[in-house]
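K.L.:
Please find one structure pasted underneath; my questions will follow.
The values are calculated or read from the model by the stated rules, or taken from the named source; none is laboratory data. These numbers were taken from a predicted model, which means no experiment stands behind them. So basically every Cβ, Gly included, is an ideal-geometry build from the backbone, and we count neighbours across all protein chains shown. What goes into the accessible areas is simple: the full protein's heavy atoms, side chains included, and nothing from ligands, DNA or RNA. Shrake-Rupley method; radii C 1.70, N 1.55, O 1.52, S 1.80 Å.
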Amino acid sequence: MAGKKKKEFEELRIGVFICDCGSNIAGHLDCKAVTEYAATLPGVVFAKENLYTCSEAGILEIQEAIKKHKLNRVVVASCSPRTHQPLFQNSCKSAGLNPYLFEMVNIRDQCSWVHMQDRENATRKAMDLVRMAVARAAFLEPQQDIESPLTPRVGVIGGGSAGLSAAEGLSRMGLEVVLVEKNKELGGLLRNLHKVAPEGVDASERLEGLIQDVSSRPNVKIFTGAELKSLDGYVGNYVMNIRDGEGQTVKESVGCLVIAIGAIPLVQKGLFGHDGKRVITQMELEPILKKGKFDAKRVVMIQCAGARGDERSYCSRICCMIAVKNAMFIKKLSPDTEIRILYRDMQMYGTEKEKMLWEARGEGIRFEVYDPAHPPEVGDKAVRLRQPLLGREIEFAYDLVVLSTPLVAREDASELSQLLRVPMDQNGFFLEAHAKLRPLDFAADGIFLAGSCRYPATYDEARSQGLGAAARVGTILFKDKLVTSAIVAEINPETCVGCMGCLQMCPYGAISYDQERKICQVNEILCKGCGCCAATCPSESASLRGFKPQQLMSQIRAVMEG
Amino acid sequence: MIEKVIERVKELLEGGEIKGFVGLCNKNGHTAPYLFTEVAELDHLVVGDFQNPGDARYPLNKLLIDLYRAYPEEKFGVLVRGCDERGLNDLYVWNQLTPKNVVAVGIPCPQELADACGCPKPYPDNSVAEPIAEGAEAQDLIRMEALGVKERFTQWMEVFSKCIKCYGCRDICPMCFCKECSLELDELIPRGEMPPEIPIFHLVRAVHMAGRCIDCGLCNEACPVDIPLRTLYKKVGDIVYRKFNYRPGFDKGKSPLNVLENK
Amino acid sequence: MGDCHYLYGNVATEKRIKFMKQLLEFVGIEGERLRRKWVSSAEAPEFVEEITDFVNTLKALGPSPLKREQKPDQPSAKVAVA
Ligand SMILES: Cc1cc2nc3c(=O)[nH]c(=O)nc-3n(C[C@H](O)[C@H](O)[C@H](O)COP(=O)(O)OP(=O)(O)OC[C@H]3O[C@@H](n4cnc5c(N)ncnc54)[C@H](O)[C@@H]3O)c2cc1C
Ligand code: SF4
Ligand code: SF4
Ligand code: SF4
Ligand code: SF4
Ligand code: SF4
């Protein structure tokens, strides 16, 4: 409140910089006119057109203007704040201006690009946007970034290929690891596999190496037969409550978490006549091959069994490779066995798998396409198939049918999702923050994911995701302290009446009720600045820094003045 | 009716169950809210039926909130009609009162009042007597809805423009419990404009009351220029009920408008 | 729905818009003047189509009744409606 008073007496000195972006902006709207217009706006003491505001010369010009003209607000009209705001903010900061007194408008994407054919209107719109930014800038307040300490330890949930790889990576980076595995033993699905395609190495060999490496590391603490029961705290300062192998509750402080609980291959009695004996799944075939004895002379494999249909619409991606791998090993053990793979389309992505497919064909493995509208029928002795191209029915007598069933989400994944407050998709796989930009992050800060719990993955993928997640953790924990944006909510303790309206609207659980003072308060580290609380609070007691009523309304009123 | 109320309050005061009773007091021909702490004072207790039933109604719950803030450990009794009891329920929901600090002493309203109010439930559950009237339809709302959009606009703007920004509607509302009010926020409702920016002023309040208004009609009674505010707020309640299946004071928890759920 | 950068912010918005449309309609401002549509940053054509359609709707409805009501010294009332 004291700051507010002071501000009223401070003379407003806004500097506006209009970027030509070469011809990117100036080619399609009149930057000179926009600059001249900006100079007439209330509070503006300096307006300048730059060829490239983000160039060294441009930045220098901003910094000199701040000093020379005693600017206390800076507005840049150029390209996307997503890419350039940090640069400009930091430049202001090094020139002695609080970075939160900077405002940016995007006249490239929103004016020159979308209205390329209409110079006059593009120019007018740029003026409107600049007017709005200047109006808002007038009400901006200086802010301090929020700092909090970090615990340089990491919790890894799940000790399969992905979890072990993450633990290995983290440990090598010098971070302490707490690995929590539900099973009595580490290793996950790989434990029961025969060979690992595409290289074709022994699964046990590959796994032993990894387990040995991880368990011999002094900075890795392993809990087996254990489970995460609850999680308190927030990024940098989580506390895991673990139920260990003896049923005791153990508390472990960690700064970040990696979730790698894998998925399970579907086994569904009756699916294509599945009986576990003559009709089995690929997973059930693996131990048979591992034993090294194979008698069946006629094998039919059916792809997409239980996948890509009404119940489960997704493609499990790895089953085609598994089928081809297992078919090839059958051929090795029993060269005269006849193998047919009935498929919809073969997902053999990547050069190595593509090569596998060619080799399999060369070895005499037969591939038959089927139409999902007429799926193969498994009879007592033969599989009946309608060939879509010829439209005729044929039968393949069999000794063994192998179903390539999808990996499905673990049933207990939803429990974990609630406990961690992270989302799942409609199939029960964990949902990353962004499929392309943040594939290994959860939206919740400091929690990452890897392996088949995210989406069916091969060993190589699970491993690289585990290592990738470890690297993501590094971006947080290799700093001295956690610095988060000051653009978070605040609650005025004087006016709050503790109605808890805000509390129930906060998607991030950042608001709590203070029983003592009978008011609500914001945890600044958990707050993501979404503004739900501010929009709900009837008395404006909850507000979002940088987006207070005054700051928003000034902008809205400015657009109407045009 | 009043005898039964007095009898009950006497019992509560004598038994030491409540520290005081928030009711209406008639002295020297005036009726006003009053905190009764002695049995001897109860001769002056009235239910507010002056010339007509319910023509002296006050937001007693609002006084109760102040008492609760000042004496969070004490228990008080309060006189309630159907709407006041809805108010209590909703104030519990909004954490402004707790049931353990409140004893409601209810009275049912006569049909005449229920009809005038268009009241859905003219009797409280905690009552000294059986209901004597049935729920009534909101005639004013039905009439307004039957008009065309243009006609409605003209009518509302005409009445809104009479507003003198006295804040009477807010001050009397038992569900307005904020310490600072958006209607006095300069950025939203510029100071010194008369009438206030319409219909913004009235709609801002209507939005704030969504999921909270318990339809007591006190705002309407308080308005010195007779803006049919109750009709507006009945519509607010009607939208919340039809779109979100929630009625403040009847249903559990906050309204779906005030709760974030994941669907 | 559910694609909100802030998890469920759009769910909250959806509810408010539903409410506001009806309230505006009741005080005589056509509900069509308020519109909500989810468009992601990757859906430029949808965005253009939506805006064009909205502009056409508004043109067909004519000037806002509030605009006609407007006194010249009260520019801010325009804020309420598109
Ligand atoms: C039949 C079959 C054949 C395959 N063949 C190949 C192949 O040839 N080549 C290849 O690259 N890939 C193959 N795969 C895929 C490979 O198995 C997976 O890529 C790999 O197992 C994924 O590792 P992960 O760590 O994500 O999951 P998982 O291996 O499933 O490990 C998850 C671990 O988390 C543990 N866990 C689960 N829930 C919890 C909990 N709540 N708390 C703590 N711990 C928990 C589990 O016990 C498990 O140990 C095959 C898969 C199948 C089904
Ligand atoms: S801004 Fe959003 S995340 Fe922050 S406290 Fe408010 S509702 Fe929660
Ligand atoms: S909504 Fe506002 S008044 Fe209610 S608890 Fe939150 S900050 Fe306080
Ligand atoms: S609203 Fe209902 S309960 Fe309240 S005074 Fe009117 S009739 Fe009685
Ligand atoms: S009817 Fe009026 S006074 Fe009563 S709760 Fe609703 S808004 Fe408040
Ligand atoms: S009581 Fe009537 S006149 Fe007073 S502010 Fe409310 S609506 Fe306006």
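K.L.:
Within the stretch A:434-452, can you find the residues that are open to solvent by 30 Å² or more (accessible area, probe 1.4 Å) and charged (D, E, K, R)?
P.N.:
A:K436, A:R438, A:D445
K.L.:
Based on this model, can you work out whether A:L431 counts as open to solvent by 40 Å² or more (accessible area, probe 1.4 Å), within 14 Å of chain C (Cβ to nearest Cβ) and touching an Asp or Glu at 6+ places or on another chain (Cβ under 6 Å)?
P.N.:
Considered against the rule, which asks whether it is open to solvent by 40 Å² or more (accessible area, probe 1.4 Å), within 14 Å of chain C (Cβ to nearest Cβ) and touching an Asp or Glu at 6+ places or on another chain (Cβ under 6 Å), A:L431 comes out as yes.
K.L.:
Scanning for something modelled with pLDDT under 90, under 20 Å from B:N89 (Cβ atoms) and touching a strand residue (DSSP E or B) at 6+ places or on another chain (Cβ under 8 Å), does the stretch B:127-143 turn up at least one residue?
P.N.:
Checked against the condition, which is being modelled with pLDDT under 90, under 20 Å from B:N89 (Cβ atoms) and touching a strand residue (DSSP E or B) at 6+ places or on another chain (Cβ under 8 Å), the stretch B:127-143 yields at least one hit.
K.L.:
Restricting the first residue to the stretch B:208-220 and requiring it to be within 14 Å of another protein chain (Cβ to nearest Cβ) and closer than 11 Å to B:C173 by Cβ, which pairs with a second residue that is within 16 Å of ligand 2 (Cβ to nearest atom) and part of a helix (DSSP H, G or I) meet a Cβ separation below 9 Å and a spacing of at least six or different chains?
P.N.:
Once the first residue is within 14 Å of another protein chain (Cβ to nearest Cβ) and closer than 11 Å to B:C173 by Cβ and sits in the stretch B:208-220, its partners that are within 16 Å of ligand 2 (Cβ to nearest atom) and part of a helix (DSSP H, G or I) give B:R212/B:N258.
K.L.:
I've got another one for you. Helices (runs of 4 or more DSSP H) wholly in the stretch B:50-153 with at least 3 residues that are of a type outside the set (F, W, Y), more than 14 Å from chain C (Cβ to nearest Cβ) and buried (at least 21 other Cβ atoms within 10 Å of the Cβ) - which ones?
P.N.:
Helices (runs of 4 or more DSSP H) meeting the threshold: B:60-70, B:82-93, B:111-117.
K.L.:
Going by the conditions given, is B:Y233 away from ligand 4 (no atom under 11 Å from the Cβ) and within 13 Å of C:Q22 (Cα to Cα)?
P.N.:
The answer is yes for B:Y233.
K.L.:
Another question, if that's okay. Among the strands (runs of 3 or more DSSP E) contained in the stretch A:202-257, which hold 1 or more residues that are among the acidic types (D, E) and over 18 Å from A:N183 (Cβ atoms)?
P.N.:
Here the list reads A:227-234, A:249-254.
K.L.:
While we're looking at this one, here's another question. What's the number of the condition A:L186 fails, among (1) open to solvent by 30 Å² or more (accessible area, probe 1.4 Å); (2) among the hydrophobic types (A, V, I, L, M, F, W, C); (3) in a loop (DSSP other than H, G, I, E, B)?
P.N.:
(1)
K.L.:
Next question, about the same structure. Scan (1) of a type outside the set (D, E, K, R); (2) over 21 Å from the mean Cα position of the chain (by Cα); (3) within 16 Å of ligand 3 (Cβ to nearest atom) for the single condition B:P199 breaks and write down its number.
P.N.:
(3)
K.L.:
Out of everything in the stretch B:223-233 that is in a helix (DSSP H, G or I) and open to solvent by less than 20 Å² (accessible area, probe 1.4 Å), what residue ends up being nearest to ligand 5 (Cβ to nearest atom)?
P.N.:
Filtering first and then ranking leaves B:Y233.
K.L.:
Scanning for something modelled with pLDDT of 85 or more, in contact with a helix residue (DSSP H, G or I) (Cβ under 7 Å, 6 or more places away or on another chain), more than 7 Å from chain B (Cβ to nearest Cβ) and under 21 Å from B:T154 (Cβ atoms), does the stretch C:36-57 turn up at least one residue?
P.N.:
no
K.L.:
Out of B:K62, B:K75, I need the residue that is of a type in the set (K, R), assigned by TED's automatic domain parsing to the domain that holds B:I6, away from ligand 3 (no atom under 16 Å from the Cβ) and free of Cβ contacts under 8 Å to residues at least 60 places away in the same chain. Which one?
P.N.:
B:K75
K.L.:
Residues that are within 16 Å of ligand 2 (Cβ to nearest atom) and under 30 Å from A:K353 (Cα atoms): does the stretch A:433-441 have at least one?
P.N.:
Yes, the stretch A:433-441 contains a residue that is within 16 Å of ligand 2 (Cβ to nearest atom) and under 30 Å from A:K353 (Cα atoms).
K.L.:
Looking at the stretch A:531-562, which of its residues are in contact with a Pro (Cβ under 8 Å, 6 or more places away or on another chain), without any contact (Cβ under 8 Å) to a residue 40 or more places away in the chain and open to solvent by less than 40 Å² (accessible area, probe 1.4 Å)?
P.N.:
A:C532
K.L.:
Ok, one more. Could we say that A:R557 is more than 9 Å from ligand 3 (Cβ to nearest atom) and within 19 Å of A:G498 (Cβ to Cβ) here?
P.N.:
So A:R557 fails the test.
K.L.:
Is it the case that some residue within the stretch A:297-304 is open to solvent by 60 Å² or more (accessible area, probe 1.4 Å), more than 29 Å from the chain's Cα centre (by Cα) and assigned by TED's automatic domain parsing to the domain that holds A:P439?
P.N.:
Checked against the condition, which is being open to solvent by 60 Å² or more (accessible area, probe 1.4 Å), more than 29 Å from the chain's Cα centre (by Cα) and assigned by TED's automatic domain parsing to the domain that holds A:P439, the stretch A:297-304 yields no hits at all.
K.L.:
For the stretch A:158-165, indicate whether the set of residues that are out of contact with any Asp or Glu (no Cβ under 9 Å at 6 or more places or on another chain) and open to solvent by less than 10 Å² (accessible area, probe 1.4 Å) is non-empty.
P.N.:
So far as the stretch A:158-165 goes, yes, one or more of its residues are out of contact with any Asp or Glu (no Cβ under 9 Å at 6 or more places or on another chain) and open to solvent by less than 10 Å² (accessible area, probe 1.4 Å).
K.L.:
OK, next. Tell me, please, whether a residue that is more than 14 Å from chain C (Cβ to nearest Cβ), open to solvent by less than 40 Å² (accessible area, probe 1.4 Å) and under 31 Å from the mean Cα position of the chain (by Cα) can be found in the stretch A:491-505.
P.N.:
Yes, that holds for at least one residue.
K.L.:
For the stretch A:27-39, enumerate the residues that are in contact with a strand residue (DSSP E or B) (Cβ under 8 Å, 6 or more places away or on another chain) and either at pLDDT below 95 or not polar (S, T, N, Q) (or both).
P.N.:
Passing the criteria: A:C31, A:K32, A:V34, A:E36, A:A38, A:A39.
K.L.:
Only residues in the stretch A:147-176 that are closer than 26 Å to A:Y459 by Cβ and within 14 Å of chain C (Cβ to nearest Cβ) count as the first member; pair them with residues that are in a helix (DSSP H, G or I) and within 16 Å of ligand 4 (Cβ to nearest atom), Cβ under 8 angstrom, at least 6 apart or cross-chain, and list the lot.
P.N.:
Close Cβ pairs (under 8 Å, with a partner that is in a helix (DSSP H, G or I) and within 16 Å of ligand 4 (Cβ to nearest atom)) do not exist here.
Okay, residues lined up against (1) in contact with a strand residue (DSSP E or B) (Cβ under 6 Å, 6 or more places away or on another chain); (2) open to solvent by less than 20 Å² (accessible area, probe 1.4 Å):
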{"residue": "A:L41", "(1), (2)": "no, yes"}
{"residue": "A:K48", "(1), (2)": "yes, no"}
{"residue": "A:C54", "(1), (2)": "no, no"}
{"residue": "A:I66", "(1), (2)": "no, yes"}
{"residue": "A:K70", "(1), (2)": "no, no"}
{"residue": "A:R82", "(1), (2)": "no, no"}
{"residue": "A:S91", "(1), (2)": "no, yes"}
{"residue": "A:H115", "(1), (2)": "no, no"}
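Matching residues to (1) part of a loop (DSSP other than H, G, I, E, B); (2) farther than 20 Å from A:S204 by Cβ; (3) open to solvent by 40 Å² or more (accessible area, probe 1.4 Å); (4) not assigned by TED's automatic domain parsing to the domain that holds A:N427:
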position	(1), (2), (3), (4)
A:I288	no, no, yes, yes
A:A307	yes, yes, no, yes
A:R317	yes, yes, yes, yes
A:A323	no, yes, no, yes
A:Y349	yes, yes, yes, yes
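K.L.:
Further question on the same structure: Take B:Y246 and tell me if it is more than 8 Å from ligand 5 (Cβ to nearest atom) and outside the structural domain of B:V80 (by TED's automatic domain parsing).
P.N.:
When the stated conditions are applied, B:Y246 passes them.
K.L.:
Something else about it: Suppose we filter the stretch A:396-424 for residues that are open to solvent by less than 40 Å² (accessible area, probe 1.4 Å) and modelled with pLDDT under 90; how many remain?
P.N.:
Looking only at that region, the number is 1.
K.L.:
Could you tell me whether the stretch B:237-255 includes any residue that is more than 14 Å from chain C (Cβ to nearest Cβ) and open to solvent by less than 40 Å² (accessible area, probe 1.4 Å)?
P.N.:
Scanning the stretch B:237-255, I find at least one residue that is more than 14 Å from chain C (Cβ to nearest Cβ) and open to solvent by less than 40 Å² (accessible area, probe 1.4 Å), so the answer is yes.
K.L.:
State which residue pairs qualify: first residue within 18 Å of B:R247 (Cβ to Cβ) and inside the stretch B:118-143, second residue open to solvent by 90 Å² or more (accessible area, probe 1.4 Å) and away from ligand 6 (no atom under 16 Å from the Cβ) in any location, beta carbons under 7 Å apart, and separation of 6 or more residues or different chains.
P.N.:
Between residues of the stretch B:118-143 that are within 18 Å of B:R247 (Cβ to Cβ) and residues that are open to solvent by 90 Å² or more (accessible area, probe 1.4 Å) and away from ligand 6 (no atom under 16 Å from the Cβ), the close pairs are B:G118/B:E137; B:G118/B:Q139.
K.L.:
Which count do you get for residues in the stretch C:5-42 that are in contact (Cβ under 8 Å) with a residue 12 or more places away in the chain and of a type in the set (G, A, S)?
P.N.:
Residues in the stretch C:5-42 being in contact (Cβ under 8 Å) with a residue 12 or more places away in the chain and of a type in the set (G, A, S): 2 in total.
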